[in-house]
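First comes the structure, then the notes that go with it.
The values are calculated or read from the model by the stated rules, or taken from the named source; none is laboratory data. What you see is a predicted model; the values in this text were computed from it and never measured. Here the Cβ is made from the backbone with ideal geometry for all residues, glycine too, and neighbour counts use every protein chain on show.
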Amino acid sequence: MPREEEKMFSNETSVRALLQKVLSHSQANQTEAVYLGTESALTRFANNGIHQNVAESNHELRVRAVLGKRVGVATTNRLDDESLRRVTEQALEIARLQPENPEFHSLPEPQPIVPAAGYSDRTAQFSPEERAQRVGIIVRLARERGLEAAGAFSTNASHVAVANSLGIFAYEPRTDSECHAVIMADERGSGYTQRMATDASTLDFEALAYEAVEKAQRSRNPIDIPLGEYQVVLDTYAVGDMLQNLIFMGLSATAVQEERSFMNGQFGKQLLEPRVTIYDDGHDPAGLPQAFDYEGVPKQRVVMFNHGIANAVVYDSYTAAREGKPNTGHALPAPNSFGPAPTNTMMEAGDASMGELLKGVERGLYVTRFHYTNTVHPIKTLFTGMTRDGTFLIEHGELVSPVKNLRFTQSILEALANVQAIGRDRVQCSDYVTIVAPALRIGRFNFTGITGS
């Protein structure tokens, strides 16, 4: 259960008072206070039954103190007056001990913030009984088909606020919900499904169940195929994984400034198929909307690839000042070594149905999702991983047989330069960041090994 001091800080008035108190304690030249209050709940299931039902409440305060060009950060999840004073002093003491950073300019100044529709009362009030009822839809269908279901359904409500001594105060409540499931069949068959939403009541659990169950049934008795390059249809989950890897490889201004990004020297060049546009937009309702970043700066829409042309990366206050560029509002909580990050990344949809994507393949592979992907060479955007939960041979535009899972090693930029068709339906999926992606038909994708399953 939440501690008494935590219960107070769940609206704008109380959070503003909390952060103003922190700022009043600080003796630093500049001070920033970030508040994140979360109420998280999770129902986990396996072997066609719920085996875990948990909830957590946590309220974190992060204080950043600036002394000239020295910066220190301290955190606490105790919010009584003495703890507020102590964490503010700790941040200042840490700043005193840091070496000067000659490229640090300043904390950001206030800008107008356009509200984002990222909160749902329905999600915040979702009960354990409601989560169990939704999970039951998946479990019942799996049991009826003689299959086994495992997965989790979570709901989260948070209150996020940023204040600094230069006048910034930004506050918004946010919610998100996510369900994923793996359905297991005998003889190594499995199927996967995942959906996310700001409003948990909009998740279609019947559709989730049928997607994973039908794929699991179809995955029985997989065959071996020769390794090599294949034309592929990547479902939305695989595309989302690929885009997330692309983000981590170099769509941050930090990576560009440190000359370790695939974007270095490529701005303005045609790197991808002209139909491919990739952007980050904190206000797009297709994702999980957020109005501002962890410095209280409004999120801007940034088109990283515009019709295949390398166009932009994202900035926070430090990288923007360092390069003399506008701050795009993509700061992560300080301190972090990654720098700014796209956290609501989307690929524009096309006009092809899944059937039309498949019909364009004479002989190739359909891949549901990737597993255990890792970067091999960030400049070349080379990554590797395995297929999982539904890999099928395509012949003459039809799925003809399940295939044993394969390892791939592939350049993401090369794959996206060889896109032949883009799906019209997009799915919101997430691991570390939110991705909204369509399915793709790609002309060449390199499979380099077998996984034994």
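If you go through region 95-131 one residue at a time, how many are more than 20 Å from residue 317 (Cα to Cα), hydrophobic (A, V, I, L, M, F, W, C) and more than 25 Å from the chain's Cα centre (by Cα)?
So the count comes out to 1.
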(1) within 20 Å of the chain's Cα centre (by Cα); (2) closer than 21 Å to residue 107 by Cα all hold for residue 280 apart from (2)
Among residues of region 82-101 being without any contact (Cβ under 8 Å) to a residue 60 or more places away in the chain and of a type in the set (Asp, Glu), the residue farthest from residue 61 (Cα to Cα) is 100
With criteria (1) exposed (fewer than 15 other Cβ atoms within 10 Å of the Cβ); (2) outside any loop (DSSP other than H, G, I, E, B), residue 196 comes up short on (1)
Taking first residues from region 184-197 that are within 18 Å of residue 432 (Cβ to Cβ) and second residues anywhere that are polar (S, T, N, Q) and modelled with pLDDT under 95, the pairs with Cβ under 6 Å that are 6 or more apart or on different chains are 196/428; 196/430
(request) For region 86-105, state whether one or more residues are assigned to a strand (DSSP E or B), at pLDDT 95 or above, touching a Lys or Arg at 6+ places or on another chain (Cβ under 9 Å) and among the β-branched types (Val, Ile, Thr). (result) no
**Item:** Residue check, residue 144 closer than 15 Å to residue 204 by Cα and either basic (Lys, Arg) or out of contact with any Lys or Arg (no Cβ under 9 Å at 6 or more places or on another chain) (or both)
**Value:** no
Here the residues within region 429-453 that are surrounded by 18 or more Cβ atoms within 10 Å (Cβ to Cβ), of a type in the set (A, V, I, L, M) and modelled with pLDDT under 95 are 433
The lone condition residue 112 fails out of (1) in contact with a Gly (Cβ under 7 Å, 6 or more places away or on another chain); (2) loosely packed, with under 12 Cβ neighbours inside 10 Å is (1)
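Check whether at least one residue in region 217-227 is of a type in the set (Asp, Glu), in a helix (DSSP H, G or I), touching a residue at least 12 places away in the same chain (Cβ under 8 Å) and surrounded by fewer than 17 Cβ atoms within 10 Å (Cβ to Cβ), and report yes or no.
Scanning region 217-227 turns up no residue that is of a type in the set (Asp, Glu), in a helix (DSSP H, G or I), touching a residue at least 12 places away in the same chain (Cβ under 8 Å) and surrounded by fewer than 17 Cβ atoms within 10 Å (Cβ to Cβ).
Can you find even one residue in region 231-240 that is without any contact (Cβ under 8 Å) to a residue 40 or more places away in the chain and either in contact with a Cys (Cβ under 6 Å, 6 or more places away or on another chain) or acidic (Asp, Glu) (or both)?
Looking for residues that are without any contact (Cβ under 8 Å) to a residue 40 or more places away in the chain and either in contact with a Cys (Cβ under 6 Å, 6 or more places away or on another chain) or acidic (Asp, Glu) (or both), one finds none in region 231-240, hence no.
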Residue hits (region 362-401; closer than 21 Å to residue 437 by Cα, part of a strand (DSSP E or B) and either among the hydroxyl-bearing types (Ser, Thr, Tyr) or modelled with pLDDT under 95 (or both)) are 366, 368, 372, 373, 375, 384, 387, 391
Among the residues of region 402-415, is any under 28 Å from residue 290 (Cα atoms), in contact with a helix residue (DSSP H, G or I) (Cβ under 6 Å, 6 or more places away or on another chain), part of a strand (DSSP E or B) and not acidic (Asp, Glu)? no
Here the residues within region 260-303 that are under 29 Å from residue 199 (Cβ atoms), among the hydrophobic types (A, V, I, L, M, F, W, C) and in contact with a Ser or Thr (Cβ under 8 Å, 6 or more places away or on another chain) are 278, 288, 297, 302, 303
Does residue 321 satisfy being aliphatic (A, V, I, L, M), closer than 30 Å to residue 110 by Cβ and in contact with a strand residue (DSSP E or B) (Cβ under 8 Å, 6 or more places away or on another chain)? no
Selection from region 257-280 of residues surrounded by fewer than 23 Cβ atoms within 10 Å (Cβ to Cβ), out of contact with any helix residue (DSSP H, G or I) (no Cβ under 6 Å at 6 or more places or on another chain) and hydrophobic (A, V, I, L, M, F, W, C) yields 267
In region 371-396, anything under 30 Å from residue 148 (Cα atoms) and either more than 25 Å from the chain's Cα centre (by Cα) or aliphatic (A, V, I, L, M) (or both) is listed as 386, 392, 393, 394, 395
Check region 332-347 and report whether any residue there is within 16 Å of the chain's Cα centre (by Cα), part of a loop (DSSP other than H, G, I, E, B) and without any contact (Cβ under 8 Å) to a residue 60 or more places away in the chain.
yes
